[in-house]
Amino acid sequence: MTRISASNAWLESRRETFDDVVRALAGADSSRILKELDQKTFDLLGAFGRYEGAVSIASRLERLGQLQVAGDLSVAIEPPVGSSSGRKVSGTYYQSPTFQFDQAGDKTNRSPDRGLDEYGPFDVEFFAKKKPRIAVITPRAHKGVVENFLFKFLHGIQGERTFSLGFIRKYHLSGCDVSLHPFDGATTDANAYREACRRALLSGEIDLAIVITSEDQAHLTGDNSPYLVAKSAFMGQGVPVQDVRIETVRLSKLAYPLNSIALACYAKLGGIPFVIAAPRSLTHELVIGIGSAHVKESRLTAPERVVGITTVFSADGNYLLSNTSREADYDDYPRELLRSLTECIDAIKIRNAWQKGDELRLIFHVFKPLKDIEAAAVKELVERLTRTYAKVEFAFVHVSTDHDWVMFDRASAGVNRGASGRAKGHYVPERGRAVPIGQRELLVAVSGPTDLKSALHGAPKPLLLKLHRHSTFTDIEYLGRQAFRFTAMSWRNMYPSRIPVTILYSNLIAELLGQLRHVRNWNADAVATKLRSSRWFL
């Protein structure tokens, strides 16, 4: 153990660190103090408290009259828009999308979970791996509880509607060949994991690896991380990996976690669980997501910015994830974007038999405001495409959660009012509420009252969609509805996400591949070759 002077030690600005300090100082009173602090924080940051506070502050400032800010420039403070009878907020409501479970469009459901239970996955008729070979890597000390977990995963939990069918029946498989590979070592022993993965790869063909990890290794990076070492070993040989923490395995209520794990496993095997029905159009459409992650080799090193790229395309009225998934350094990503996009267009035009007279639309969801030089790089590609196709239009949409806008709904009483009399989501708008704030900007609520974790959850931030001025396709209403549909398309779990999968998947790609760069012998080419049809990043 390393010892340092207390004067040289600093506390990290993390909630768990703050809680530890309160417990150390307050002892038995810490629980009461932390609860009171949570309540005081909610009174400031909850939707109702923030609204009342904003109106109160604005009213006091309004009574002061004109405020001189610079020279002859003065401003007047008014109440928040929509809080007074004279200033209304106009908006619309986006309904949740329809999920589709067959190519003909006859099998649909508003719930992806219920649709899978009723119909099976979208590609049930042409999915090739009907009896996947699954290798399970686990410390020997956990072998028994892991075996029980695997039985529930494969065959379901009787009496639990959420996951009564199990992985095999829910996804219409004929079975699974499961091989357990226990090893001697702790969940923090990266070398033991590496050797166990190597033995599993030598034992025969593998379609999917399930690796049991733990929360104890969450802070480890590079070659010290069993999670990353296992990912590197298997993915380098073209085998996707599903990570499951031992803390999850030990849960008494497993239905919901197993449901999400099964969904991700099927997608990692190359399956298509469901798609979202899209408005049919005469225009071929590609939606490109550009996300990023800050990756650190260790907790004390400076982060590097890595950019991930995903492509979703519309075909026959369905949104489908393309096989193109890349990552690049921040400085190199415009060049990688052009290369990736050109490759994707070439592949899809053959697949969908595009003709010279067809119209093409490119929609970019980006994690930051696009610079003019970046927009110009894509416009160069568009100009090349116009020599082949009758019309090519494009839109650059900055998808942001980092902004100062907040949406309130004074008609929202919240949900699930418990014994305490407090409801979740008081003044929180329903998911799908959209409000334009200009010709090229739109706010969309992506977390409604039912999505909040507790009655003390703060006011959720809406998505801010900003359309770049160089865009030639400028229908912000269409773009808003599309981005909202993509928040429900995740194959990572059964619940909608707070950002579109175009950005979510790109962020996951950037983060995972950025971390794997620091693991020795990592084979990055496997992502573009052997793992091309797998959603390995989920």
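The values are calculated or read from the model by the stated rules, or taken from the named source; none is laboratory data. Because the structure is a prediction, the values reported are computed rather than measured. As a convention, Cβ positions derive from the backbone with ideal geometry for all residues, glycine included, and neighbour counts pool all protein chains shown.
Given the structure, is Y119 within 25 Å of the chain's Cα centre (by Cα) and either crowded, with 17+ Cβ neighbours inside 10 Å or more than 30 Å from P182 (Cα to Cα) (or both)?
No: the conditions fail for Y119.
Here is a list of conditions, (1) closer than 24 Å to N493 by Cα; (2) of a type outside the set (V, I, T); (3) at pLDDT below 95; (4) crowded, with 22+ Cβ neighbours inside 10 Å, and S225 meets all of them except one; can you say which number that is?
It fails just one condition, (1).
Restricted to the range 134-174, and to residues that are modelled with pLDDT of 95 or more and among the aromatic types (F, W, Y), which residue is surrounded by the fewest Cβ atoms within 10 Å (Cβ to Cβ)?
Taking the candidates together, the pick is F151.
Of all helices (runs of 4 or more DSSP H) completely enclosed by the range 463-538, which ones contain at least 2 residues that are farther than 22 Å from S281 by Cβ and not basic (K, R)?
Of the helices (runs of 4 or more DSSP H) lying wholly inside the range 463-538, those with at least 2 residues that are farther than 22 Å from S281 by Cβ and not basic (K, R) span 501-516, 525-528.
Read through the list (1) modelled with pLDDT of 75 or more; (2) closer than 30 Å to K461 by Cα; (3) among the hydrophobic types (A, V, I, L, M, F, W, C), then give the number of the only condition that V392 fails.
Tallying (1) modelled with pLDDT of 75 or more; (2) closer than 30 Å to K461 by Cα; (3) among the hydrophobic types (A, V, I, L, M, F, W, C), V392 fails exactly one: (2).
Every residue in the range 368-416 that is under 20 Å from P436 (Cβ atoms), in contact with a helix residue (DSSP H, G or I) (Cβ under 7 Å, 6 or more places away or on another chain) and not in a loop (DSSP other than H, G, I, E, B), please.
A395, F396, V397, V399
For K131, work out the one condition from (1) at pLDDT 95 or above; (2) not in a loop (DSSP other than H, G, I, E, B) it doesn't fulfil.
So K131 meets the others, but not (2).
In this structure, does A434 turn out to be in contact with a strand residue (DSSP E or B) (Cβ under 8 Å, 6 or more places away or on another chain), outside the structural domain of S340 (by TED's automatic domain parsing), in a strand (DSSP E or B) and not hydroxyl-bearing (S, T, Y)?
yes
Part of a strand (DSSP E or B), modelled with pLDDT of 70 or more and within 20 Å of the chain's Cα centre (by Cα): is that true of T324 in this structure?
When the stated conditions are applied, T324 does not pass them.
Could you list, in sequence order, all residues of the range 171-224 that are more than 24 Å from R517 (Cβ to Cβ), part of a helix (DSSP H, G or I) and out of contact with any strand residue (DSSP E or B) (no Cβ under 9 Å at 6 or more places or on another chain)?
L202 - this is the single residue of the range 171-224 that is more than 24 Å from R517 (Cβ to Cβ), part of a helix (DSSP H, G or I) and out of contact with any strand residue (DSSP E or B) (no Cβ under 9 Å at 6 or more places or on another chain).
Test of understanding: among A230, A218, which residue is assigned by TED's automatic domain parsing to the domain that holds A135, crowded, with 22+ Cβ neighbours inside 10 Å and either within 26 Å of the chain's Cα centre (by Cα) or basic (K, R) (or both)?
Just one listed residue meets the conditions, A230.
Which is in contact with a helix residue (DSSP H, G or I) (Cβ under 6 Å, 6 or more places away or on another chain), of a type in the set (D, E, K, R) and farther than 21 Å from I309 by Cα, of K424, K461?
One residue alone meets the criteria, K424.
Filter the range 492-521 down to the residues that are of a type in the set (F, W, Y) and either crowded, with 22+ Cβ neighbours inside 10 Å or modelled with pLDDT under 85 (or both) and list them by number.
If the condition is that a residue be of a type in the set (F, W, Y) and either crowded, with 22+ Cβ neighbours inside 10 Å or modelled with pLDDT under 85 (or both), then Y505 is the only one that fits.
What do you reckon, is K356 modelled with pLDDT of 75 or more, surrounded by fewer than 18 Cβ atoms within 10 Å (Cβ to Cβ) and part of a loop (DSSP other than H, G, I, E, B)?
For K356, the condition - modelled with pLDDT of 75 or more, surrounded by fewer than 18 Cβ atoms within 10 Å (Cβ to Cβ) and part of a loop (DSSP other than H, G, I, E, B) - is met.
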